[in-house]
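Comments concern the structure below.
What follows draws every value from the coordinates through simple rules; no lab data is involved. Only a predicted model underlies this, so the values are computations on that prediction, with no experimental measurement involved. Backbone-built Cβ (ideal geometry, glycine too); neighbour counts: all protein chains shown.
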């Protein structure tokens, strides 16, 4: 029953992510008859450069410490306290920005829009966790990412979910990644930041919708550990791919697995690959035939995905504010406002751009989305294809090992392993 | 330290209690915050029914001070309630945070006190079965995703891309139609790009000539487009002033011939003698071509039939109150009628070396006339006239009191006048739309300046030139290009704080005005060299030396530049980063004026004759 409730909660959160969050000034500024003039709107100063450098330094230090705690010390307790530090520093002190998860949009925008000047901190926050992951696995997720560590602290009563559901939901981060890149590349929006469920908590200014999504996500996280990291995080999708090549990844046992099975259910993220014995292997011709069939089907899935994405491009483009503005102007719907001209339309008129220019600009944007739709759809088709292929491969495994892609290097499992490094010495 | 650790890890019951209390506390606070949120959203403190009713009552009795006070007190009360609500939500947020932190700490401590008691699972799921089930659900997920996306896409398919392209075209047509009765103009874009013009052949007698009827702007169409459009569609469909609509050197025309020969008569549709000499250029509106001519004793305005070349009427500019008894001294290369006339399709306007300004209707009848005072100009007055809206714009830069004047096109009364601190200028105004504002660009020694066409207010000024300035400016893509011999060629980024973005000194003009696109700037010189610069950087892209010099200014039509040298040979070349000649055509008569383009034809004022060239 609990599992069902948790699953429903999780799906509800994921669906909530598609809703936009509106925030407008509720009060028009009063006009005083006494001649009092309103103070000008104050724009906050950008973060000091020294603090940016400090942030990068702290990131490197935190990554190094967590990696050392995970790989060398094998200390779950240490990782936990680093999580607390990450929530306090990268979360509450830095107010969750720039975060590595969102930085992939800065990188995309910089690649597609030469006019955009990317902050060096954004590059550092994007690259450094990837580099560490490439060598040591997802230690960034374990104790540095404020979004992940906040959820980790809330993972109080984790339970397992079905493998098939894990696999299906595991595709969502890749879709989210594709969408985030598409919207950043078309200079439409930073959707990862817009729908960041926890940044509102860090800044104490969550809108009701953000508060609801974040709250429900944390509540779900009590039972289904780190739901955002596992089933939504687009940066996690990247790290998942990179981590598969990591040389010095955390191991459950410090020496050799003694097949005691004590760690079997220790991972709240279902990231332990259990031994697969030869007796479970299919007959070779059947396995090869299935593998080939799914491999051959990948280009077809890419095409189907691409076609679907291209047909869906108008819906994708409707998120773009210029497309929306043009739509409102063309249909004279005035953003649903009946009493007065919508702010957006007033601003458009004041800007001096003609409707003709706007329509032409929007037509060009929609064309970009058409091409982007093909690429995004093709990418999603590829992800589905590769997932299916991976589910046809027989991997012989004797030991309990962390899955390098999905393992978040939280070091929970090491506490379950009765094998100690000293034992190895004694045995020798 | 050890004791503290023990206290933290051993008092499980205590922590359990704290966790339960913290959880209940957090839940209640959370509930209250949500309730508060809905309450705050339900009430609109600036739009309460009670206050609105009282405000309405106050508007009926504006002197009811008691009521006014009551409204203020009520308003204050409602606002206080709103901000109290906000304070409650914020405080609740902090309390919730404290509650949640307490709960999490307690729970973590309870967990840490527990010894790990791993359970060895009994079930041993088959990997093949798991893979098969996962494959099935991944496939179902994929198919569902594709199906939902496709259904959604087909249900909401709007041909958005095509819709907006069509809307852009329609928007252009609607705006154009609102200001033009007979011309159907399909605009491609303003500035450097050229519009395709389809103009119906004017028919009938003069009384029924469509171009003479005042353009009627349909009110609903005006409402649709509140954005300023200059030049207007009807200006673009015609050639109403020196160097085209707005004087920017662009003719919004199409199908202009590239070959003719004055000697053999090839493509020369007609040729008419011009009674009095003048260095002004032809302008075209509907089926009429206008010119002026003058000598020391006579000043005249001429109207020719565009189709036949017949001189339809001649208007004498005489008996002008305030006009000097004798014309001022001018040099032969300027004359008494160097300024080109202008028209708005209702009247035609002309100015002469005496300072006489005249407005004539399209039949040659005098509407009004006045003298602006004899301009103190040692060569002779030469700035051409332009029209913005219902204002006749006159650059009146002379020695004693330089100014820019706007006269009412209907009455000749002064609408506004702005004093200028510069010296004499022989250049003409250029009127452009920059963003949503129409600006008049003037050049003189020592500055380029911009004026609001509506009010005459000086918008910006930049000191950058010197000498006796002859060439007018060119404009494209927010950049103004100004030049003068012995000074320099400058590119100025327009704006309230104008900025000189580049400057060149190699090839400069003393008479012909430049023409610009968003990429290129073309400049002809009186000593026969034509150059092309990169408009954004000033880099010299090409230079070409011709046998004869130029006084006529280049005009851009579609992607071609038409430039007539002083011997009457028109050089046609491509608007490109390399010089590509598209033809040369000789007229057989000397030319110093700038041609006009309309309805697929070219109108050239040569030394003694007016030519019409077409297929």
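To check my understanding: the extent here is largest minus smallest coordinate of the Cα atoms along each principal axis. What are those three numbers for the protein assembly as shown, in Å, largest first?
The Cα atoms of the protein assembly as shown stretch 123, 87, 51 Å along their principal axes.
Need the full-extension length gain, residue B:499 to residue B:144, defined as separation in residues times 0.36 nm minus the C-alpha distance. One decimal, nm.
Full-extension gain reported as 122.0 nm.
Restricting to the protein assembly as shown, compute how many DSSP beta bridges are antiparallel as a %, nearest 5.
95 percent
To the nearest 0.05, how large is the calculated FRET efficiency for residue B:277 and residue B:576 if R₀ is 51 Å and r is the Cβ-Cβ distance?
Efficiency computed from Cβ-Cβ geometry: 0.85.
Roughly how crowded by other chains is peptide B:247-253, in terms of the mean Cβ count from those chains within 10 Å of each of its Cβ atoms?
0
Going 7 Å from the Cα of residue B:128 toward and past its Cβ, which residues in the range A:352-395 have a backbone nitrogen under 19 Å from where you end up?
Correct set: A:389-395.
Once fully extended, how much extra length lies between residue B:136 and residue B:50, figured as 0.36 nm per residue of separation less the alpha-carbon to alpha-carbon distance?
Full-extension gain reported as 24.8 nm.
Averaged across the residues of B:138-145, what count of C-beta atoms belonging to other chains lies within 10 Å of each residue's C-beta?
6
What is the list of residues in the range B:267-304 whose amide nitrogen lies under 14 Å from a point 7 angstrom out from the Cα of residue B:608, following Cα to Cβ?
Output list for this probe position: B:272-278.
Order these by the 10 Å Cβ neighbour count, fewest first: B:72, A:230, B:566.
B:72, B:566, A:230
How high is the relative contact order of the range A:280-390, in percent, with contacts defined as C-alpha pairs under 8 Å that are six or more residues apart?
Averaging sequence separation for qualifying contacts and normalising by length gives 55 percent for the range A:280-390.
In nanometres, what is the gap between the two model label sites at residue A:75 and residue A:57, each 7 Å from Cα along Cα-to-Cβ?
Between residue A:75 and residue A:57, the label points sit 2.3 nm apart.
Express the relative contact order of chain B as a whole percentage, based on alpha carbon pairs under 8 Å and six or more residues apart in sequence.
Contact order relative to length: 11 percent.
What list of whole percents do you get for P(r) of the range A:318-384, with Cα-Cα distances grouped in 10 Å bins up to the one holding the largest distance?
19, 41, 22, 14, 4
If you count, for every residue in B:304-315, the Cβ atoms of partner chains within 10 Å of its Cβ, what is the mean?
That average works out to 0.
log10 I(q)/I(0), Debye, Cα-only chain B, no solvent, q = 0.08, 0.09 Å⁻¹?
These q points yield log10 I(q)/I(0) values of -0.67, -0.75.
At 7 Å along the Cα-to-beta-carbon direction for both residue B:70 and residue A:194, put a label point, then send me their distance in nm to one decimal.
Inter-label distance under the simple model: 4.8 nm.
Return the whole-Å distance between the Cα centroid of the range B:451-495 and the Cα centroid of the range A:223-289.
Cα centroid of the range B:451-495 versus Cα centroid of the range A:223-289: 71 Å apart.
Take the Cβ-Cβ distance between residue A:204 and residue A:295 as r, set R0 to 45 Å, and report the resulting FRET efficiency rounded to the nearest 0.05.
0.30
What shape does the range B:371-524 take by its C-alpha gyration tensor, where a ≥ b ≥ c are the square roots of the eigenvalues and a/c under 1.5 counts as rounded, a/b above b/c as prolate, and the rest as oblate?
Verdict is oblate for the range B:371-524.
Highest first, please rank the peptides B:28-35, B:252-259, A:140-147 by the mean number of other Cβ atoms sitting within 10 Å of their residues.
Going from most to least packed, we get A:140-147, B:252-259, B:28-35.
Taking only Cα atoms and a 10 Å spring cutoff, compute GNM fluctuations for chain A and point out the largest among A:189, A:205, A:273.
Residue with maximal mean-square fluctuation among A:189, A:205, A:273: A:205.
Which of A:201, B:239 comes first, and how do the rest follow, when ranked by fewest Cβ neighbours within 10 Å?
A:201, B:239
Which whole-number percent of Cα pairs in chain A have a distance greater than 33 Å?
So the pairs more than 33 Å apart make up 43 percent of the total in chain A.
Counting only helical runs of four or more DSSP H residues, what would the 222 nm mean residue ellipticity of chain A come to if each run contributes -39,500 (n - 2.57) and the total is spread over all its residues?
My calculation for chain A gives -18000 deg cm²/dmol from helical runs alone.
Taking each pair of different alpha-carbon atoms in the range B:2-113 once, compute 1/r for the pair, average those values, and report the inverse of that mean as the Kirkwood hydrodynamic radius in Å to one decimal.
Evaluated over the range B:2-113, this radius sits at 17.6 Å.
Going by alpha carbons, how many degrees (0 to 90, nearest 10) lie between the helix axis of A:321-331 and the longest principal axis of chain A?
Taking Cα atoms only, the helix is inclined about 50 degrees.
Enter the angle in degrees (range 0 to 90, nearest 10) between the Cα long axis of helix B:12-42 and the first principal axis of the Cα atoms of chain B, meaning the one along which they spread out most.
Tilt relative to chain B: about 40 degrees.
Sorted by mean Cβ packing within 10 Å, highest first, what order do the peptides B:463-469, A:318-324 take?
B:463-469, A:318-324
Given contacts defined as C-alpha pairs under 8 Å and at least six residues apart, what's the relative contact order of chain A, whole-number percent?
23 percent
Give the order of A:193, A:410 when sorted by the count of other beta carbons within 10 angstrom, beginning with the fewest.
In order of increasing Cβ crowding within 10 Å: A:193, A:410.
What is the spin-label model distance, in nm, from residue B:77 to residue A:42 if the labels are put 7 Å beyond Cα along the C-beta direction?
Using points 7 Å along Cα→Cβ, the separation is 3.4 nm.
Only bridges whose two residues both fall in chain B count here: according to DSSP, what percent of them are antiparallel, nearest 5?
Roughly 95 percent of the beta bridges in chain B run antiparallel, per DSSP.
Using alpha carbons only, how many degrees (0 to 90, rounded to 10) separate the axis of helix A:2-16 from the longest principal axis of chain A?
Computed tilt is about 30 degrees.
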